[in-house]
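The values are calculated or read from the model by the stated rules, or taken from the named source; none is laboratory data. Being a predicted model, the structure only gives us computed values, none of them experimental. For neighbour counting, all protein chains shown are included, and Cβ atoms are generated from backbone atoms with ideal geometry for every residue, glycine included.
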Amino acid sequence: MNVIELIKTNKAYFENYITRSTYHSNAIEGSTLSFAETYAIIFNDNSFKVNAEPREIYEAINHKYALDYVIKHVDEPLSERLIKDVATLINKNVTDFSDYRTVNVFISGAEHVPPPPENVRNSMMYLVHNYNNTEFDNIFEKVAQFHIDFEKTHPFQDGNGRTGRLLINYELLRNNIAPAVIEKDDRTKYFGFLASSDAAGLANFIEDLSQKELEHVRRFVAE
């Protein structure tokens, strides 16, 4: 099964996946939009009235466009340019920028303090090079370790969580593996893996979610 081709050609699954991915990723970061509101915003469903703050509306729209960008660029190797493009799209009209942060940032509820801004560029250069040139036993371990390192670096002023989760699925889709939708109800478990730098646990978690998504995909194909 070609997962990317299915996403591009199966309208029902495309809309379902985009909506779920956007709704849950934004909810993890505190968005109060419902699933129905998220769908209405990103697919222009005017039959459903949405009462939401402008920031949450932009966050939903931005995530859709960033995910669309990821899908269109899955034939490219991971690069700093691609990472910056995804982060820029995620933050459009919210916290506009096009490069790494120039200020100190802190991760809410975490003991870890990200590196100072003057170290971010070199950290990201090393992180991407290491990712592209290191062998792992399987893709889930590789993705999990990168995600933990990315979130620890927190290279952007805002949107690091959303960007990082999109990069997980960028790499899974590059390898024709079903994406992983981390649901808002798994927020505590997910943050626990990040806080403890548990790459093995996160890898298993992502693999389980990918398998769950594959079963979801098959239901759409069967219809």
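Flag: Thr163 matches the condition of being crowded, with 19+ Cβ neighbours inside 10 Å, farther than 21 Å from Gly201 by Cβ, of a type in the set (Ser, Thr, Tyr) and at pLDDT 95 or above. Among the residues of the range 63-87, the ones that are free of Cβ contacts under 8 Å to residues at least 60 places away in the same chain and touching a Gly at 6+ places or on another chain (Cβ under 9 Å) come to 0 in all.
All of Ile182, Ile168 fail the test of being touching a His at 6+ places or on another chain (Cβ under 8 Å), β-branched (Val, Ile, Thr) and not in a helix (DSSP H, G or I), apart from Ile182.
Inclusion of Thr95 among residues that are surrounded by 12 or more Cβ atoms within 10 Å (Cβ to Cβ), part of a loop (DSSP other than H, G, I, E, B) and hydroxyl-bearing (Ser, Thr, Tyr) is warranted. When residues in the range 52-69 are screened for being more than 19 Å from Leu167 (Cβ to Cβ) and among the aromatic types (Phe, Trp, Tyr), 1 of them pass.
Against the list (1) assigned to a loop (DSSP other than H, G, I, E, B); (2) surrounded by fewer than 17 Cβ atoms within 10 Å (Cβ to Cβ); (3) at negative phi, the condition Val105 fails is (2). If you check Leu82 against the conditions, is it closer than 18 Å to Ser21 by Cα, in contact with a helix residue (DSSP H, G or I) (Cβ under 9 Å, 6 or more places away or on another chain) and assigned to a helix (DSSP H, G or I)? No: the conditions fail for Leu82.
From the list Thr153, Thr134, the lone residue that is more than 12 Å from the chain's Cα centre (by Cα), of a type in the set (Val, Ile, Thr) and closer than 13 Å to Met124 by Cα is Thr153.
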